[in-house]
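Enquirer: Okay, here's the structure, questions in a sec.
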Amino acid sequence: MIALDSTRFTYDDGAPLLAGVALTVAAGDHVVVAGASGSGKTTLARLLAGMTGADAGSSFTGAITLGAETVRFRGTPGDPRIDPARWSARVAYVAQGAWGQLSMMSSTVAEEIAFGPANRGMPAQELRRAVDDVAAALHLTPLLGRDPRRLSGGQLQRTVIAAAVIQQPEVLVLDEPFQGLDDAAARDVAAALEALRRNGTGVVVCAPLLPSHAPQGARVLALADGRRVFEGPLTEARRAGLRRFGIGTQGEPLRLGDDVVPAPVGPAGPELVAVHDLRFRYPRERGAAGPPAGLTGVDLSVVAGEVVALRGPNGSGKSTLLQHLNGLSRADSGSVTSGGVRIGRQPTGALAATVGYLFQDTDSQLFERTVLREVSYGPRAAGMRKDDAARRALLALDALGLGEFAGAHPYELGFVQRRMVALASLMATGPVVWALDEPTAGLDEPARTLLAGVLARHARGGGCVLMATHDAVFADAVAHRSVWLDGGRISPEGATPR
Amino acid sequence: MPRRRIYNPLTELLAAVLLVVLVLVVDRWEFSLAVLLLGVLPAVLLSGRPRQIGLVIALVAGPLLLSSLLLHGLFFPEGTTVLADLGVARVTVEGLTFAALMGLRMTVFTAVLLTAAATLDLPDLLATMTHRGWNRKLVFVVGSAVGLIPHVAERAHRITRAQQARGLVVGRGPLSRMRALLTVLTPLVIGLLVDASERTRMLEARGFSSPGPRSSYLPDSDTPRQRRTRRAMVAAVGVFSAAWLVGAP
């Protein structure tokens, strides 16, 4: 149905990627393209989606066959251009970073899901029925009237996937579709993909880890440094020793050194986060059945040296709670104390040296021209001299293995590196409380291990970490305890010790 | 609270465009000022977010005003009443008057169009254009252009939050606010430039530029009465403009 035969692909004058990589996806196939950061899986996904990057200085040599049509590329300016409107009617693509894929022309989730088929002229009645069906399959029905720009990360991800699924394409290519999804939402998405596949859609899923569950007969193409390192059935891939290429398996325990295992914490340690009877309500949205869950009577205490995982379904209030720790959101009632500072009416910026915040959406967090300037911003804003700030920034970058990228523009880096730059920015400011929103989303095995070490060192050094996460394996390995939220409340059985 | 919608967005957009046409045709400062004070000002105040819209108008119209003042205020060959002679440039009463008139007119243009664009219900506008069977390319151009405004606003909001989380303190004074605005502008513009090609590609990939007929998820909110009103508005402005231009000395 679709076949990619890549001789080579280069970004600007960079090293060649995907040399000699071929992939054929037939009707009803499920293919997992697995690889660590920088392995070339996003490049491959974009090629399948018809984006050869010729307009952005990239060069592709090879051929793409869709049905009976073969388009050949020689890596020259005279290469053919793929008509995105025509191609995307047959090959749907869900890129990484759900927010960037919103049309910004829809006031509700229902319109956003309907955007693609409406553009292709699906009759109104059919369109409504299709939206209802897809929404029901992905448990989005209660959200249909909500503004898509105000959804939680996981809800937004499901909306973007629904918008692709509704098109019933011949081929569906998804780049890390399960990023930021809770277990139930991930199951819903997997079921929707499986239903499509049974109807004859070829499904290609790019992921940093091998999946723990996949349809029978699923194939794996594993990439490392732009080369093919394995191709075959998923069952064989799990035994193929792909860990040496940084490709782990979902659900498998992390392999951590002794210095990374959480150190015991005494209950008498200094309390760094104290939340008492915190209540917060979001304003009601126009047309919505109900506003997003706020927070209802949340109590939480975290002492120095502790790593606490905030868990619960998408939209349960995890990010909202984290945003109260550094004043991005302000409580309607109750009290919040972070790093000894009572959060009152002080500006958010004044709390940055006490509480560091990692946003779920990395790209809205990076705003400087170079990585070094980006990471120096925090220390500079805290009043440090330029040289000192740069020194702190370089230390943080080195700790995350990013020293060589100090002069690069953040947009030139891959997703995992950008995520790490965002973390380095937080570290360089030196806050004692770290509030991290889905820190492992989209990270490959080596980056997850590195992050685990960084969190453990921060906790051992007398700081504390609160992280909202769906990554059960990471939370179990790194956190001292998990606190479960549901509908803006801490579940009664939720405060589980390790 | 945003204002309650009375008219179809297409009617609102057309009214804004016709108002600009009238300002151009009439070409009198009294009329431009009247449009600004009696049309734009109440619309901005009732929009539900007068500060944001006011700021956008100031950001766009400010540089235009300044350039008009520099260009015509200092270099106006017809100027006779010289206020200051700077050698290569002369500040004249006539030049300053012309600069003020041009500036006022440009301010009215930007204010009318920006207010309309910022308060439009974009999904409803696209739905109306689709139901009315408008040319697809036009729907694409209008949709992408007007859709950029909420996109820019959302992105600016996110960057500001990220900067605040990293230590940017925005005080209550106008100076501090201006500084915060400048801090957000650079990353905003760079981000938008980077986004531009990706966003067009994303819209294309979702079929926004596809050939063939479009359909709409939203029901048609347009009414025959609104359509008659729009035709009447166009006819009235057309007739008035012709009469005005013919009757003008």
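No value in this document is a laboratory result; all are computed from the given coordinates. Small disclaimer: the values here were computed from a predicted structure and weren't measured. Neighbour counts run over all protein chains shown; Cβ positions are idealised from the backbone, glycine included.
Enquirer: Quick query: amide H of B:R90 versus all other amide H atoms, modeled in the peptide plane; which residues come in under 5 Å with a sequence gap of 5 or more or a different chain?
Expert: B:F76
Enquirer: Mind giving me the FRET efficiency for A:R391 and B:L193? R0 is 35 Å, r the Cβ-Cβ distance, nearest 0.05 is fine.
Expert: Details: r = 31 Å, r/R0 = 0.89.
Working from the Cβ atoms, E equals 0.65.
Enquirer: So which trypsin sites (Lys or Arg not before Pro) in the range A:197-268 end up in coil per DSSP with only 13 or fewer other C-beta atoms within 10 Å? Each step should come with its number before you reach the end.
Expert: Values: sites: A:R197, A:R198, A:R219, A:R227, A:R228, A:R238, A:R239, A:R243, A:R244, A:R255; in loops: A:R239, A:R255.
Counting only loop positions with at most 13 other Cβ atoms within 10 Å, the trypsin sites (Lys or Arg not before Pro) in the range A:197-268 are A:R239, A:R255.
Enquirer: Here's another thing I want to ask about it. Under the Kirkwood approximation applied to all pairs of distinct alpha-carbon atoms, what is the hydrodynamic radius of the range B:9-120 in Å? Walk me through the numbers on the way to the answer.
Expert: Working: mean 1/r = 0.0667 Å⁻¹.
Radius from the Kirkwood sum: 15.0 Å.
Enquirer: Taking every residue in B:210-222, how many Cβ atoms of other protein chains lie within 10 Å of its Cβ, on average? Could you put the intermediate results ahead of the total?
Expert: On the way: counts 10, 5, 5, 3, 5, 12, 7, 16, 8, 2, 1, 0, 0.
Shielding by partners across B:210-222 averages 6.
Enquirer: When a/c is below 1.5 the answer is rounded, else prolate if a/b is larger than b/c, else oblate, so apply that to the range A:60-162 with a ≥ b ≥ c taken from the square roots of the Cα gyration tensor eigenvalues. Before the final figure, lay out each step's value.
Expert: Working: a/c = 2.76, a/b = 1.96, b/c = 1.41.
Because a/c hits 1.5 or more and a/b exceeds b/c, the range A:60-162 counts as prolate.
Enquirer: Continuing with this model, one more query. If you find the alpha carbon centre of the range A:240-285 and of the range A:412-471, how far apart are they in angstrom?
Expert: The range A:240-285 and the range A:412-471 have Cα centres spaced 10 Å from each other.
Enquirer: Assuming a ≥ b ≥ c are the square roots of the Cα gyration tensor eigenvalues, decide whether the range A:1-90 counts as rounded (a/c under 1.5), prolate (otherwise, with a/b larger than b/c) or oblate. Before the final figure, lay out each step's value.
Expert: On the way: a/c = 1.72, a/b = 1.12, b/c = 1.53.
Here the range A:1-90 falls in the oblate category.
Enquirer: In whole Å, largest first, what are the principal axis extents of the Cα atoms in the range A:271-497?
Expert: On the principal axes, the range A:271-497 reaches 46, 40, 37 Å in Cα extent.
Enquirer: A further question follows. What ³J(HN,Hα) values, in whole Hz, does the Karplus curve 6.51 cos²θ - 1.76 cosθ + 1.60 give for the range A:323-331 when θ = phi - 60°, with x put for Gly and Pro?
Expert: 5, 6, 6, 10, x, 5, 10, 10, 5
Enquirer: Å³ per residue of the Cα convex hull, for chain B?
Expert: Each residue corresponds to 196 Å³ of Cα convex hull volume.
Enquirer: Rounded, prolate or oblate: pick one for the range A:376-498, where a ≥ b ≥ c are the square roots of the eigenvalues of its C-alpha gyration tensor, a/c under 1.5 means rounded, and failing that, prolate if a/b is larger than b/c, else oblate. List each step's numbers first, then the result.
Expert: Working: a/c = 2.24, a/b = 1.71, b/c = 1.31.
Cα axes put the range A:376-498 in the prolate bin.
Enquirer: A further question on this structure: If Lys and Arg each add +1 and Asp and Glu each add -1, what is the summed charge of the other residues whose beta carbon sits under 13 Å from the beta carbon of A:A114?
Expert: On the way: positive: A:R120, A:R128, A:R129, B:R206, B:R214; negative: A:E111, A:E112, A:E126, A:D132, A:D133.
Result for the local shell: 0.
Enquirer: For the range A:175-190 and the range B:16-44, compute the distance between their C-alpha centroids and round to whole Å.
Expert: Comparing the Cα centres of the range A:175-190 and the range B:16-44, I get a distance of 52 Å.
Enquirer: Would you kindly work out the equivalent ellipsoid of the protein assembly as shown from its C-alpha gyration tensor and give its semi-axes, the square roots of five times the eigenvalues, largest first in whole Å?
Expert: Numbers: eigenvalues 419, 234, 140 Å².
Equivalent ellipsoid semi-axes, largest first: 46, 34, 26 Å.
Enquirer: Assigning unit charges at the beta carbon (Lys, Arg +1; Asp, Glu -1) and nothing else, what dipole magnitude in debye, to the nearest 20, does chain B show about its Cα centre? Don't skip to the end; give the middle numbers.
Expert: Details: 27 positive and 14 negative charges, 204 e Å.
That gives chain B a dipole magnitude of about 980 debye.
Enquirer: For the range A:171-185, just list the computed ³J(HN,Hα) in residue order, Karplus coefficients 6.51, -1.76 and 1.60, θ = phi - 60°, integers in Hz, with x standing in for Gly and Pro.
Expert: Per residue, the Karplus-derived 3J(HN,Hα) values read 10, 10, 10, 10, 9, 6, x, 8, 5, x, 9, 6, 4, 5, 5 Hz.
Enquirer: Once phi is turned into ³J(HN,Hα) by the Karplus curve 6.51 cos²θ - 1.76 cosθ + 1.60 with θ = phi - 60°, what whole-Hz value does each residue of the range A:482-491 show in order, with x for glycine and proline?
Expert: In residue order, the calculated couplings are 10, 10, 9, 10, 8, x, x, 10, 7, 4 Hz.
Enquirer: Sticking with this one: Placing unit charges on C-beta atoms (Lys and Arg positive, Asp and Glu negative, everything else neutral), compute the dipole magnitude of chain A about its Cα centre in debye, rounded to 20.
Expert: Values: 50 positive and 50 negative charges, 86 e Å.
It works out to roughly 420 debye.
Enquirer: From the helices alone, meaning DSSP H stretches of at least four residues, give me the mean residue ellipticity at 222 nm for chain B, per-run term -39500 (n - 2.57), in deg cm²/dmol to the nearest 500.
Expert: Values: 9 runs with 177 residues, N = 249.
Per the formula, -24500 deg cm²/dmol.
Enquirer: Taking H as built 1.01 Å from N, whose amide H comes closer than 5 Å to the amide H of A:G297, not counting residues under 5 places away?
Expert: Here A:L278, A:R279, A:F280 satisfy the definition.
Enquirer: Could I ask something else about it? How well do other chains shield peptide A:118-128, expressed as the mean number of their Cβ atoms within 10 Å of each residue Cβ?
Expert: Values: counts 11, 15, 9, 10, 3, 2, 8, 1, 1, 3, 2.
Partner-chain Cβ atoms within 10 Å, mean over residues of A:118-128: 6.
Enquirer: Across peptide A:85-92, how many C-beta atoms of other chains are within 10 Å of each residue C-beta, on average?
Expert: Numbers: counts 10, 4, 2, 9, 4, 0, 1, 3.
If you average over the peptide's residues, the count of other-chain Cβ atoms is 4.
Enquirer: Can you give me the distance in nm between label points at A:R238 and B:R231, each placed 7 Å from the Cα along the Cα-to-Cβ direction?
Expert: With each label placed 7 Å out from Cα toward Cβ, I get 6.9 nm.
Enquirer: Taking trypsin sites (Lys or Arg not before Pro) that fall in a DSSP loop and have at most 14 other Cβ atoms within 10 Å as cut points, what is the longest piece of chain B between them? Walk me through the intermediate numbers first.
Expert: Numbers: sites that count: B:R3, B:R4, B:R5, B:R28, B:R132, B:R172.
For trypsin sites (Lys or Arg not before Pro) (loop position, at most 14 other Cβ atoms within 10 Å), the longest site-free span of chain B is B:29-131.
Enquirer: Express in whole angstrom the spacing between the alpha-carbon centres of the range B:52-76 and the range A:4-33.
Expert: Between the Cα centre of the range B:52-76 and that of the range A:4-33, the gap is 52 Å.
Enquirer: Run lengths n ≥ 4 of DSSP H only: what is the helix-derived mean residue ellipticity at 222 nm for chain A, with -39500 (n - 2.57) per run over all residues, to the nearest 500?
Expert: Computed mean residue ellipticity for chain A: -8500 deg cm²/dmol.
Enquirer: Ok, one more. Determine the dipole magnitude for the range B:135-199: charges of +1 sit on the beta-carbon of Lys and Arg, -1 on that of Asp and Glu, nothing else is charged, the reference point is the Cα centre, and the result goes in debye to the nearest 20.
Expert: On the way: 10 positive and 3 negative charges, 33 e Å.
Dipole about the Cα centre, nearest 20: 160 debye.
Enquirer: Please order A:L23, A:L436 by the number of other Cβ within 10 Å, starting at the fewest.
Expert: Working: A:L23 21, A:L436 25.
Listing A:L23, A:L436 from fewest to most nearby Cβ atoms yields A:L23, A:L436.
Enquirer: Give, to the nearest whole percent, the P(r) tail of the range B:126-205 beyond 15 angstrom, counting all Cα pairs. Mind showing how you got there, number by number?
Expert: On the way: 2077 of 3160 pairs.
Looking at the range B:126-205, the distances longer than 15 Å represent 66 percent of pairs.
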